[in-house]
Amino acid sequence: MKYMGIDYHKQYFVATTMDERGKVLSKEKVSTDRDSIRGYFKKAGSTGEVKAVMEACYGWEYFYDEVEDLVDDLIMAHPLKTRLIAEARIKTDSIDSETLAHLLRTDLIPQAYAPSAETRDKKNLLRYRSSLTAIKVRIKNVIHSVLARNHIEDRSFKELSDKFGKKGLACMRSMSLRGNDTEILNQYLDLLRETESKIKAAESRIRAVCKQDEICRLLSSIPGIGDILAVTIRYEIDDISRFVSSGKLCSYAGLVPSTYSSGNRTFQGRITKQGNKWLRWALIEAAQRAPLFDMWLREFYNRISKKGSKIARVAVARRLLEIIYRIWNEKKPYYKKPVTVAL
């Protein structure tokens, strides 16, 4: 068996190969174009089995997909935990690759989860929709700044609760501003319309995914979780069997309190926020609406809210994740306890 540590970069990678005794057999710097990758790994794997490790870094997907079938086993290392194990004052690509090979040989690699290409494709669609939403918010903010510098005094427009509703948009289209601002405003409104159109198209595709996936349909039965959040949660978790308990899943989402312990004293602070930020975001979003539609969650929220609304919201988010863990494993939909919301 040969062990290979790979320090991957966008334009090149450094690979160190060693035997079972830790003797370095080769160390090379190779271009990341497909032909160079395949040529190198065919040569490296010509004699004996090869087990390789790389860190979960920016753009890892391309390299991982290219190399996965060229070695006997390819492991994804958790970069932060790897640094804690092998922190060094001198840091180079060569040293990094050799350190990874040593950790792999001694079975000390803190492994990170590498989702399948299909899962990554679903995540890319969700990220695309999120980026469009961020662009939409930014365009609206710029439009507000254009209106502010022109000090709009139209009372009917100022009294509108939604400036970007049908009436508000019609009013902005009819405005005559100073200098180039009329054209600038209309161009931004065109961008906003185009962005909203793309968001609707992306959401339509996400909802189609939700209808076709059994787990998504089960998750959408939980109060506060619609089609978009169901798909987000399903593919951010991906494989529920990775987690031996709901507590481990909550830790993965960063929804557990930080703990400081010294001597006989233990203090628990705010949530760690370490873990999957997209999963945590989806659960916090769901937690804002869930108590409105479920009596049990409403009572739970009200009891915790005495400590603060934010604390209660996080508590509901964690409770929802515990419910998700049970529903996913049991393959049964959530039994809702309806609550009447005063309008």
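The values are calculated or read from the model by the stated rules, or taken from the named source; none is laboratory data. Everything numeric here is computed off the predicted structure, so don't read it as measured data. Neighbour counts run over all protein chains shown; Cβ positions are idealised from the backbone, glycine included. Just the protein is used for accessible areas: all its heavy atoms, side chains included, with ligands, DNA and RNA removed. Shrake-Rupley method; radii C 1.70, N 1.55, O 1.52, S 1.80 Å.
Subtracting the Cα-Cα distance of K158 and L125 from their residue separation scaled by 0.36 nm leaves 8.2 nm. Based on DSSP H segments of at least four residues, each scored -39500 (n - 2.57), the chain has a per-residue ellipticity at 222 nm of -17500 deg cm²/dmol.
Count Lys and Arg as plus one, Asp and Glu as minus one, and take only other residues whose Cβ is under 10 Å from that of W278; the net charge is then +3. GNM on the chain, alpha-carbon springs under 10 angstrom: the most fluctuating residue among R149, R326, R242 is R149. Spacing of the modelled spin labels on K211 and S241, each 7 Å from Cα toward Cβ, amounts to 3.0 nm. Over every pair of different alpha-carbon atoms in the stretch 74-217, take the mean of 1/r and invert it; report that Kirkwood radius in Å. So the Kirkwood estimate lands at 20.1 Å. Compactness of the stretch 1-150 was expressed as the Cα radius of gyration divided by 2.2 N^0.38 Å, which yields 1.36.
Think of the chain as a dipole: +1 on every Lys or Arg Cβ, -1 on every Asp or Glu Cβ, centred on the Cα centre; then among A317, V30, A114, A317 lies furthest on the positive end. Computed on the Cα trace of the stretch 2-56, the radius of gyration divided by the Kirkwood hydrodynamic radius gives Rg/Rh = 0.95.
Residues of the stretch 105-124 with an amide N closer than 16 Å to a point placed 7 Å from the Cα of W281 along the Cα-to-Cβ direction: 122-124. Label separation (R173 vs Q288): 2.9 nm, computed from points 7 Å beyond Cα along the C-beta direction.
Probe of 1.4 angstrom, ligands and nucleic acids ignored: what's the accessible area per residue over the chain, in square angstrom? For the chain, the solvent-accessible area averages 59 Å² per residue.
Amide H contacts of A77 (H built 1.01 Å from N, in plane; Pro and chain starts excluded): M54, E55, A56, A112 sit under 5 Å, all sequence-distant by 5 or more or on other chains.
Positive contributions from Lys and Arg (+1) and negative ones from Asp and Glu (-1), summed over other residues with Cβ under 13 Å from the Cβ of S31, come out at 0. Keeping the other protein chains in place, figure out the carbon and sulfur percent of the accessible area of the chain, with a 1.4 Å probe. Ligands and nucleic acids excluded, carbon and sulfur reach 49 percent. Computed extension gain for E49 through K248, at 0.36 nm per residue and net of the alpha carbon distance, reaches 68.3 nm.
Taking θ as phi - 60° and the Karplus parameters 6.51, -1.76 and 1.60, the scalar couplings of the stretch 154-169 work out to 4, 5, 4, 6, 5, 7, 5, 6, 10, 5, 10, x, 4, 5, x, 5 Hz in sequence order, x denoting glycine and proline. Placing S116, S246 in order of accessible area, with the largest value first and a 1.4 Å probe, yields S116, S246. Considering the stretch 114-197, its Cα convex hull presents a mean projected area of 7.0 nm². Extent of the chain along its three principal axes (Cα atoms, max minus min coordinate, largest first): 79, 57, 46 Å. Amide H contacts under 5 Å for S26: T17, restricted to partners 5 or more places along the chain or on a different chain, H placed in the peptide plane at 1.01 Å from N. Using the Cβ-Cβ distance between V30 and V142 with R0 set to 45 Å, the FRET efficiency works out to roughly 0.50.
Taking Lys and Arg as +1 and Asp and Glu as -1, the other residues whose beta-carbon sits under 11 Å from that of L177 total 0. Each residue of the stretch 220-232 was assigned a 3J(HN,Hα) from its phi angle through the Karplus expression (A = 6.51, B = -1.76, C = 1.60, θ = phi - 60°), giving 6, 7, 7, x, x, 10, x, 4, 5, 5, 4, 5, 4 Hz with x at Gly and Pro. What the phi angles of the stretch 111-125 give under the Karplus curve with 6.51, -1.76 and 1.60, with θ = phi - 60°, is a coupling list of 6, 9, 7, 10, x, 5, 4, 5, 5, 4, 5, 5, 5, 4, 5 Hz, glycine and proline written as x.
Go ahead and set up a Gaussian network model of the chain, Cα springs under 10 Å, then flag whichever of E68, E214, E153 fluctuates most. Maximum fluctuation in the GNM of the chain, among the listed residues, is at E153. Solvent exposure of Y128, expressed as accessible area, is near 90 Å², computed with a probe of 1.4 Å over the protein chains only. Bridges between two residues of the chain, per DSSP, are antiparallel at a rate of about 65%. Summing Cβ point charges (Lys, Arg +1; Asp, Glu -1) relative to the Cα centre of the chain gives a dipole of roughly 1800 debye.
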